[in-house]
Each structure stands twice: as C-alpha cells, then as structure tokens.
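Reviewing the structure listed below.
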Amino acid sequence: MPSRSEPGVVLYPARGSTIADALAAVQGIRLATPDAAGVAGALEDAEILVTYPWREEFLVPGLRWVQSVSAGTEQFPLDRFREAGVVLTSARGVHGPQVAEHAIALLLAMTRGIGTAALARRERRWEWPHVTEIGGKTLGVVGLGAIGEAVAERAAALGMRVIGTRRDPAGYDGAADEVVPAARMLDVFAAADAVVLVLPGGEETRGMIGAAHLDALGAGWLVNVGRGTVVDEDALVAALRDGPLLGAGLDVFATEPLPAGSPLWDLPNVVMTPHVAGASPRYGERLADVFRRNLEAYRGAGEWVNRVA
C-alpha cells in the first residue's frame, strides 16, 4: 500500500470536466483518470476515489476515502463505508454560485417568455409571449443551504421578497426575509409566486413535492435545481397541463436522461436543461480547494470538510 505522504487518487469520470486539471495541480498525490472499465483496477494501487457515480466494484479493500464531486451523497452505501472504515466527504458549497445563477436563469426564461419565444422561433412565428416582472414578487426557496442561500441573495438583488425553509431556522442570518421550518413547506408554496427547490435526493425526500404543494402554488412557477426524485412528476405534468401552474424550469428529473416518452418534452410551459446547473469553468478549482483541505485531514493535519461518513 502506498504511503499517505503520496497517496494514490483515482478520479472518475474525468472526461469533460475541469476537475482533472485542478487535481493534477495538487502536490503530493499520484492521480489516475481511468475509464469506467479501469476504475476498480486503478483502485488496487490507490486509497482515494473522487467521483459522482458509485459501483459496487469500487469498494476495494484498500479504499480509505471517497470525495464526492456532488453535494448529494445518496448514491453511496454509507453503512458499508462505515463498516469498512471509508471516509466520505461531499462537495457541499462548491455549487452555490453557478446553481443559483442557473435557477434564476430558468425563472427568468419563464417569466420573460424566453422559453416560449424559443419554441416560436423554430416555427418562424413572430408571436409575443406572455411576460411579467419578478421584482416585487415572492420567491420561496425550499432548502436554505449553501446553494439555497445563494439563490436567495440573487433573488433579493432583483427585488424579490424571499421566504425559505430550513431544518432549524433558529439563528438564521442571511438574505431571506422570512425562514420557517421544513414542516411548514406548504405555507411557503401558498405564499410564493415562484418556488425554487434545492433539496437533496434520497428516500427521505422522494416524491415530497406533490399535488398539494402545486395546488398551493397555484398560478406560479416551479424551478427544480436540487434532485428530480423530490418531485412527483405525474402531479407536476397534471398541474402544468390541466392546472393553474404557469410553468416549470427543470434541470433535474426523476430518471436521467429524461426518457423519450416523458410528457415533459412536449409541454410548452416547461423550460428544461440536462442537469447542467452545477457546470462551471471554475468548478474544478472550487472542488480542488475542498479536496486539499480534506487531504490535510486525511494526513492527520487538519479537520475534515463536509464529512458525511
């Protein structure tokens, strides 16, 4: 086993991201960037895995630390990690600026009619879409963590009143005008003109947003940049097709890639992107900063950042 002074690190996947270059600049590690078929083999000579996807064969005997490149960690087998003595750390906080910008972009694409105009352009129709202003309206942010707070800051700068949910609102000191516990989520939907979802995935939140929440939102807009499994997609389709919901801006879906047969493809009041809210040219450097701090903790010279297990 290599010494902890120069541990082996496996990054997967590396293609198409800025993470590989950023980790290559980290001193004192041996970095490998195999393809999917080569990950398990590369881990035979490494202690650390940096990844988003998880496969059973990645849990080799020598694995000691997994750094997730995402804020969510529901894909990882936490109990097995604890049994095997594997530390898991997340990328919580790394996504804040870019995901918040994306959430606001989706909201503006709906409220300014940009999504509708894009559809008309394909058919060469000069047709005025319905537009409105978001200044003075109320935005609900469900999940006032690092990303949710960044959304709140940007919405407040655009003149919106922001209400949000936190597990524990006590001592909150951020951009939101009002913060309530998660148990009062339905109240947020009822009070808001638009709602941005920034919730993690997992069984605890699966299908959490359903018909009752969409009915409470009424003639408003829903934006989801958290996890697609949080929303009951059948209820969402019904609200968009037959209910008062004016639009949905979606970057995440219950099944990804979104199946070709999903009715969401054809609804004109949906603006969608293929799970790219977290993408940014600066993503790699932000993740590398977290990785460096956790590398010091791994070597026994610091505290872990975003430790999950």
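The values are calculated or read from the model by the stated rules, or taken from the named source; none is laboratory data. Remember, it's a predicted structure, so these values are computed and weren't measured experimentally. Here the Cβ positions follow ideal geometry from the backbone for every residue, glycine too, while neighbour counts run over all protein chains shown.
One residue is enough: does segment 135-144 have a residue meeting the conditions in contact with a helix residue (DSSP H, G or I) (Cβ under 8 Å, 6 or more places away or on another chain) and under 27 Å from W54 (Cβ atoms)? Can you show your working first?
Initial filter on segment 135-144 (in contact with a helix residue (DSSP H, G or I) (Cβ under 8 Å, 6 or more places away or on another chain)): 138-142, 144.
Filter once more, keeping what is under 27 Å from W54 (Cβ atoms): 142.
Scanning segment 135-144, I find at least one residue that is in contact with a helix residue (DSSP H, G or I) (Cβ under 8 Å, 6 or more places away or on another chain) and under 27 Å from W54 (Cβ atoms), so the answer is yes.
In segment 5-22, what count of residues is obtained for those that are within 17 Å of L88 (Cα to Cα) and either assigned to a loop (DSSP other than H, G, I, E, B) or modelled with pLDDT under 95 (or both)? Before you say what the answer is, go through the steps one by one.
The first filter runs over segment 5-22 and keeps only residues within 17 Å of L88 (Cα to Cα), leaving 7-12.
Now drop any that are not either assigned to a loop (DSSP other than H, G, I, E, B) or modelled with pLDDT under 95 (or both), which leaves 7.
Of the residues in segment 5-22, 1 are within 17 Å of L88 (Cα to Cα) and either assigned to a loop (DSSP other than H, G, I, E, B) or modelled with pLDDT under 95 (or both).
Pull out all pairs, ordered by first then second residue, where Cβ-Cβ is under 8 Å, the residues are six or more apart or on different chains, the first lies in segment 281-302 and is closer than 15 Å to V26 by Cα and touching a residue at least 40 places away in the same chain (Cβ under 8 Å), and the second is among the basic types (K, R) and surrounded by 15 or more Cβ atoms within 10 Å (Cβ to Cβ).
Y298/R64
In segment 41-59, how many are buried (at least 18 other Cβ atoms within 10 Å of the Cβ) and over 26 Å from the mean Cα position of the chain (by Cα)?
Going through segment 41-59 one residue at a time, the tally reaches 4.
Whether any residue in segment 288-301 is surrounded by 15 or more Cβ atoms within 10 Å (Cβ to Cβ) and either on the phi > 0 side of the Ramachandran plot or in contact with a helix residue (DSSP H, G or I) (Cβ under 6 Å, 6 or more places away or on another chain) (or both) is what I want to check.
Yes: segment 288-301 contains one or more residues that are surrounded by 15 or more Cβ atoms within 10 Å (Cβ to Cβ) and either on the phi > 0 side of the Ramachandran plot or in contact with a helix residue (DSSP H, G or I) (Cβ under 6 Å, 6 or more places away or on another chain) (or both).
Is it true that some residue in segment 220-237 is closer than 16 Å to A194 by Cα, surrounded by fewer than 24 Cβ atoms within 10 Å (Cβ to Cβ) and among the hydrophobic types (A, V, I, L, M, F, W, C)?
Among the residues of segment 220-237, not one is closer than 16 Å to A194 by Cα, surrounded by fewer than 24 Cβ atoms within 10 Å (Cβ to Cβ) and among the hydrophobic types (A, V, I, L, M, F, W, C), which makes the answer no.
Mind checking which residues of segment 167-219 are more than 21 Å from the chain's Cα centre (by Cα), over 17 Å from L139 (Cβ atoms) and small (G, A, S)?
A170, G171, A183, A211, A212
Please go through segment 258-309 and give me each residue that is farther than 30 Å from G243 by Cβ, of a type in the set (S, T, Y) and part of a loop (DSSP other than H, G, I, E, B), ordered by number.
S280
Can you report the number of residues in segment 47-60 which are more than 15 Å from A32 (Cβ to Cβ) and in contact (Cβ under 8 Å) with a residue 12 or more places away in the chain? Step through it out loud before you land on a result.
So the first thing to find is which residues in segment 47-60 are more than 15 Å from A32 (Cβ to Cβ), and the list is 52-57, 59.
Adding the requirement that they be in contact (Cβ under 8 Å) with a residue 12 or more places away in the chain leaves 52-55, 57, 59.
The total comes to 6.
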